[in-house]
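Peer 1: One structure, pasted below without further comment.
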Amino acid sequence: MTVSPDLDRRFREAATTMGLVDMGFDVVDSPVGPLFVAASERGLAAISFDPEPDAQLERLARIAGPRVLRSPRSVDGARRELDQYFSGRRQAFDLTLDLRALPPFTVSVLQELARVPYGETTTYGALAARVGRPRAARAVGTVMNRNRIPIVLPCHRVVGSSGDLVGYAGGLDRKVKLLQLEGATL
Amino acid sequence: MMQSVAIPPFEHFYEQHRTDVLRLLRRRVGSERAEDAFQETFLRALQAYRRLEHGDHLRAWVLTIAGNVAIDTLRRTRPQSELLETGADDDRPAFEELAPMTDGLPPKERAAVVLRYGYDLPYDQIAAALGSSEEAARQAASTGVRRLRRRSQ
C-alpha cells in the first residue's frame, strides 16, 4: 500500500497552489551535474551542487519555516532560466532572490557580485573595494565560499588578483566549465 | 522533564507517515475515496504545521487528523446506502468534541484517549501511533481517562 506517484504529485501541487509551502525544492538537471534548487514565495533561496536534499532541508527550514516540501512547481521559474543560461540563450537572470537570514555585509557583497557581467571576471579585492571595504578581500572570499545561490549569483566569476582561479565551493572543474560556457578568457 | 523533539522539515514528516495515513484512510473510507482524504489530511497538516510547538507524537497527530478527515468524508456521503455497513462507525464522537475535554492532559495520554475513544482504534494501532508498547498505550489511555474523571468530579 504505497502512495502512487500520481497521488504524491497531486498533493505537492495542491500544497504549492494553496500557498502552504514555506520553501519548495526540486532537483534540476544541468551540464555541471544535477542541482538542488529551492525557492520560497519571496524568490530563489538556494542552489546546491549536492543534489541530495536531506542535508539541506533543516537549513532551509531554519531560514523559511518548517514547511519545506519537494515541489517542482516552486522552482519552475528558476529551472527555466537555468536551462536558458546553460544553453547559452540567457546572460542575465531575472529571478527575485530570497536572501533572508544573511548578514548585511554578505548581502551587500552578493549585491555587488550580481553586477559582475556575464563572461567577465573580477577579483576578491576589487569586489571588496566596491562594497567600501578594500581590505576585506579575505572576508569576500568567505562570502563567495558560502554563497547560497551559486551560478545565479556568479561567484564563479571571481578570481585571485594574479588571475588564478583560487577555488570554488562546487569544485574548480565546475568553475572552469561555467567560465568556458560564458566564453570568459581564462 | 524530557527534551521535546524538534519539528522536522515537512518533507521528512510526510515521507515518514504517508503510507500509514493512506492505509488508515483506505480502511476507514474505502480505497475509492482514500486518495481525496489523503490529500485533505496532509493539507490540513500543512496548515497546522507552523503552529506546532514541538515534534513529539507527530505520528499520533497526523493519524488523528486522518481520523477527522475520515469522519468528515463519511458524514458527507452518509446518505448513500453503500455506507450502511460502516454506519456504526459514524456515531463516534468527533475529535472536535473530544478535544476541549482532553485539553490539558499530557500529550501522550491525550493522544491515547482520543485515538481510543474518539476513533475507536485498537490498542496495537495506538501503540504503533505513539511509538510505544501496547501495554504502555493501554496504560496511557486509562491514566488519561482517570485524570479526566477526577477533573470532572
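Peer 1: Is the shape of region A:122-183 best called rounded, prolate or oblate, per the rule: a/c under 1.5 gives rounded, else a/b larger than b/c gives prolate, else oblate, with a ≥ b ≥ c the square roots of the Cα gyration tensor eigenvalues?
Peer 2: Numbers: a/c = 1.92, a/b = 1.57, b/c = 1.23.
Here region A:122-183 falls in the prolate category.
Peer 1: Under 5 Å between amide H atoms, partner at least 5 residues away or on a different chain: which partners does A:Ala45 have, H built in plane at 1.01 Å?
Peer 2: Hits under the 5 Å cutoff: A:Ala38, A:Ala39, A:Ser40, A:Asp98.
Peer 1: Looking only at other chains, what is the average number of their beta-carbon atoms within 10 angstrom of each beta-carbon in A:14-20?
Peer 2: Partner Cβ neighbours, averaged per residue: 4.
Peer 1: Right, here's the next one. Report the Stokes-Einstein translational diffusion coefficient (µm² s⁻¹, integer) for chain A, Rh taken as the Kirkwood radius over Cα pairs, at 37 °C with viscosity 0.692 mPa s.
Peer 2: 190
Peer 1: Taking a ≥ b ≥ c as the square roots of the Cα gyration tensor eigenvalues, with a/c under 1.5 meaning rounded and otherwise prolate when a/b beats b/c, else oblate, which class fits region A:7-60?
Peer 2: It comes out prolate by the Cα gyration axes.
Peer 1: In whole angstrom, and with the biggest value first, how far do the Cα coordinates of the protein assembly as shown range along each principal axis?
Peer 2: Its Cα atoms span 81, 46, 28 Å along the three principal axes.
Peer 1: From other protein chains only, count the Cβ atoms within 10 Å of every residue's Cβ in B:49-57, then give the mean.
Peer 2: Going residue by residue through B:49-57 and averaging, the value is 1.
Peer 1: Continuing with the same structure: Around A:Val131, what is the net charge, scoring Lys/Arg as +1 and Asp/Glu as -1 over all other residues with Cβ under 14 Å from its Cβ?
Peer 2: For residues surrounding A:Val131, the net value is +4.
Peer 1: Another one. Between region A:71-117 and region A:120-186, what is the C-alpha centre distance in whole Å?
Peer 2: Result: 15 Å between the Cα centres.
Peer 1: What accessible surface, in Å², does a 1.4 Å probe find on A:Tyr118, ignoring ligands, DNA and RNA and rounding to the nearest 10?
Peer 2: In the full protein context, A:Tyr118 sits at about 40 Å².
Peer 1: Shifting gears a bit: Can you give the Kirkwood hydrodynamic radius of region A:29-134 from its Cα pairs, in Å with one decimal?
Peer 2: 15.4
Peer 1: Now, a different point. Would you mind estimating how fast region B:21-83 diffuses translationally, via Stokes-Einstein at 20 °C and 1.002 mPa s with the Kirkwood radius over Cα pairs, in µm²/s?
Peer 2: Details: Rh = 12.1 Å.
So the translational diffusion coefficient is about 177 µm²/s.
Peer 1: Find the eigenvalues of the gyration tensor of the Cα atoms of region B:8-47, then list the square roots of 5 times those eigenvalues as equivalent ellipsoid semi-axes, largest first, in whole angstrom.
Peer 2: 19, 11, 6
Peer 1: Please list, in order, the residues from region A:71-87 whose amide nitrogen is less than 20 Å from a point placed 7 Å along the Cα→Cβ vector of A:Asp94.
Peer 2: A:73-87, by backbone N distance to the label point.
Peer 1: Would you please put A:95-103, B:61-69 in order of how densely packed they are, using the mean number of other Cβ atoms within 10 angstrom per residue and starting with the highest?
Peer 2: On the way: A:95-103: 15.2, B:61-69: 23.9.
Packing proxy ranking, top to bottom: B:61-69, A:95-103.
Peer 1: Quick one: net charge of A:Arg90's neighbours, Cβ under 13 Å, K/R +1, D/E -1?
Peer 2: Summing Lys and Arg as +1 and Asp and Glu as -1 gives -1.
The values are calculated or read from the model by the stated rules, or taken from the named source; none is laboratory data. These numbers were taken from a predicted model, which means no experiment stands behind them. We place every Cβ from the backbone using ideal geometry, glycine too, and count neighbours over all the protein chains shown. These area figures cover heavy atoms from the full protein model, side chains too; ligands, DNA and RNA do not enter into them. Shrake-Rupley method; radii C 1.70, N 1.55, O 1.52, S 1.80 Å.
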